[in-house]
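Here the structure comes first, spelled out in structure tokens, and everything after it is commentary.
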Amino acid sequence: MAKKPATASASGPSGDVSKVLKMLSDNSVEYVDLRFTDPRGKWQHTAQHISTMGEDAFRDGIMFDGSSIAGWKAINESDMILMPDAATATMDPFSAKPSLIVFCDIVEPSTGQFYSRDPRATAKLCEAYVKSSGIGDTVSIGAEAEFFIFDSVKFGTGGNFGSFQVDSVEGPGSNLKDYPEGNMGHRPSVKGGYFPVPPVDGDSDLRAEMLSTMGEMGLPIEKHHHEVAQSQHELGTKFGSLTTMADQMQIYKYCVHNVAHSYGKTATFMPKPIYGDNGSGMHTHISIWKAGKPLFAGNGYADLSEMCLYAIGGIIKHAKAINAFSNPSTNSYKRLIPGFEAPVLLAYSARNRSASCRIPYTTSPKAKRVEVRFPDPSCNPYLSYSAITMAALDGIKNKIHPGDPMDKDLYDLPPEELKGIPTVCGSLREALGALAADHDFLLEGGVFSTDQIESYIELKWNEVYRFEHTPHPVEFEMYYSV
């Protein structure tokens, strides 16, 4: 049975409202853009003219209709409150009119409590539960989201057709194409994108602008580089607390999409848009702290604490249920295929990146953490980070030991050894079934709710149904002449 819910304030102003009001004045702001995240993880917004955003708006919130958000309320119970979090205020670098972005929580007007299906509320409740459990007081998260940049994308489906085409100056066939400025021939080969200098890496300046723009929006930026696949990239920001890092992932995606758009290009966080090359992951690093002490550092394997090993045990035990949140698209499982460079095997290791839970090398106890390698950037960061954290807490509370580490190259293991190693899910269908069967650990502390999980599963089943019932072009190649 779930324990008493953790507490996290859902009413009253959050952050220093006076600082926000000063930002409005100093920057001659005309619109306040209220941002929130839907169950799928997509950022949504509505803009309020500055004349409507006094101190009372931050205290009482702004009413809106939640019935049109997929997976949320019915039309007969649609009234909801956007409660601005003043601590998240940042200027929008892409708007023509001076606009201030503020993250919002969703509040039930009848109760004044968080709306149970609001992903950001789930993240806040997760952090509160960590504190109330007595295990720690801070969850530290770091995420590495990869993405692709294309020059053109075309796709469409109908009753009698289905096709897509992506094009990039780095992509397949580009060596033989004619370009207005000429074909210079400098581009990464298949699986050859890690880490050539320009001109082979032709998007270095584009990535730098993406990263600098994130810095302007308040993210602590660190690095950028080309990834393994053609047209694939990654930017790096510093780790932080769970909700903050989920907020920052929304800004990360916003900057990537909009800077690419300003260059006349298109960016996607779809995990596997290209056949035969690497897919995009979002390796998620987690550690738990208490009173400034890193609780995952110790004297065990790879200098881990016993608590950390139990956390790994919990993540491995519940990995298939986590997949429903960390790998929530049908496309996710075109990346998670056994036999390729994808972390499908549920094992842990300090030596190789083929394990789904890796222990990155560090000499500092403060940097000791677990890198969960199977998530991908199509996920809702609030729900994915929270699910991973709740699994880790379950492992700690129930002392779920993960067994011995796997320091061999897991991709080269003989079949008889591979049989004993569990794997992540092979499809979104399997992941949703796993979540339906294994979600009690998520209900602890009232972090997730049964209603939220059931509505999420229903939302995602619609995607599975559409995917499984739509003829695929490759099926015509394989079966048309049977």
Checklist entry - Under a 1.4 angstrom probe, counting protein chains only, how are 117, 351 ranked by accessible area, largest first? => result 351, 117
Checklist outcome for this item: FRET efficiency for residue 44 and residue 177 from the Cβ-Cβ distance with R0 = 30 Å, rounded to 0.05, comes out at 0.20
Checklist entry - Rounded if a/c is under 1.5, else prolate if a/b is larger than b/c, else oblate: which is the stretch 372-482, with a ≥ b ≥ c the root eigenvalues of its Cα gyration tensor? => result oblate
Item to check | Distance between modelled label sites at residue 28 and residue 454, nm, 7 Å Cα→Cβ extension | outcome: 5.4
Item to check | Where GluC sites (Glu not before Pro) fall in DSSP loop in the stretch 35-136, at most 11 other Cβ within 10 Å | outcome: none
Checklist outcome for this item: Subtracting the Cα-Cα distance of residue 19 and residue 418 from 0.36 nm times their residue separation yields 138.0 nm
Item to check | Helical segments meeting 20 Å axial Cα length and Kyte-Doolittle 0.0 threshold in the chain (DSSP H) | outcome: 381-397
Checklist entry - Computed FRET efficiency, Cβ-Cβ of residue 155 and residue 68, R0 25 Å: what is it to the nearest 0.05? => result 0.55
Checklist entry - For percent of Cα pairs over 36 Å apart, the listed values are (i) 31; (ii) 48; (iii) 35; which was obtained by calculation from the structure presented? => result (i)
Checklist entry - What ranking of 312, 221 comes out by heavy-atom accessible area, probe 1.4 Å, highest first? => result 221, 312
Next on the checklist: At 1.4 Å probe size, what's the solvent-accessible area of residue 167? Round to the nearest 10 Å².
Outcome noted: 50
Next on the checklist: Suppose we keep just the DSSP beta bridges with both residues in the chain; what percent of those would be antiparallel, to 5?
Outcome noted: 85
Checklist entry - How big is the gap, in Å, between the Cα center of the stretch 287-330 and the Cα center of the stretch 80-144? => result 23
Item to check | Distance between modelled label sites at residue 293 and residue 111, nm, 7 Å Cα→Cβ extension | outcome: 3.7
Next on the checklist: Ignoring ligands, DNA and RNA, please state the percent of accessible area on the chain from carbon and sulfur, probe 1.4 Å.
Outcome noted: 53
Item to check | Value of [θ]222 nm, deg cm²/dmol, for the chain, DSSP H segments ≥ 4, -39500 (n - 2.57) each, nearest 500 | outcome: -9500 deg cm²/dmol
Checklist entry - With every protein chain in place, what's the accessible area of residue 135 (1.4 Å probe, Å², nearest 10)? => result 20
Item to check | Ranking by accessible area, most exposed first, for 479, 382 with a 1.4 Å probe | outcome: 479, 382
Item to check | Rounded to whole Hz, the Karplus (6.51, -1.76, 1.60) HN-Hα couplings of the stretch 160-169, x for glycine and proline | outcome: 10, 7, x, 7, 8, 8, 10, 9, 8, 5
Next on the checklist: Quick check: pseudo-label points 7 Å beyond the Cα along Cα→Cβ at residue 469 and residue 341, how many nm apart are they?
Outcome noted: 3.9
Checklist entry - So which chymotrypsin sites (Phe, Trp or Tyr not before Pro) in the stretch 247-309 are both in a DSSP loop and have at most 11 other Cβ atoms within 10 Å of their Cβ? => result 275
Checklist entry - FRET efficiency for residue 195 and residue 409, Cβ-Cβ distance as r, R0 = 22 Å, nearest 0.05? => result 0.50
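The values are calculated or read from the model by the stated rules, or taken from the named source; none is laboratory data. All figures in this text were calculated on a predicted structure; none of them were measured in a lab. Note: ideal-geometry Cβ built from the backbone for every residue, glycine included; neighbour counts use all protein chains shown. Quick note on the areas: whole protein, heavy atoms, side chains included, nothing else; ligands and nucleic acids left out. Shrake-Rupley method; radii C 1.70, N 1.55, O 1.52, S 1.80 Å.
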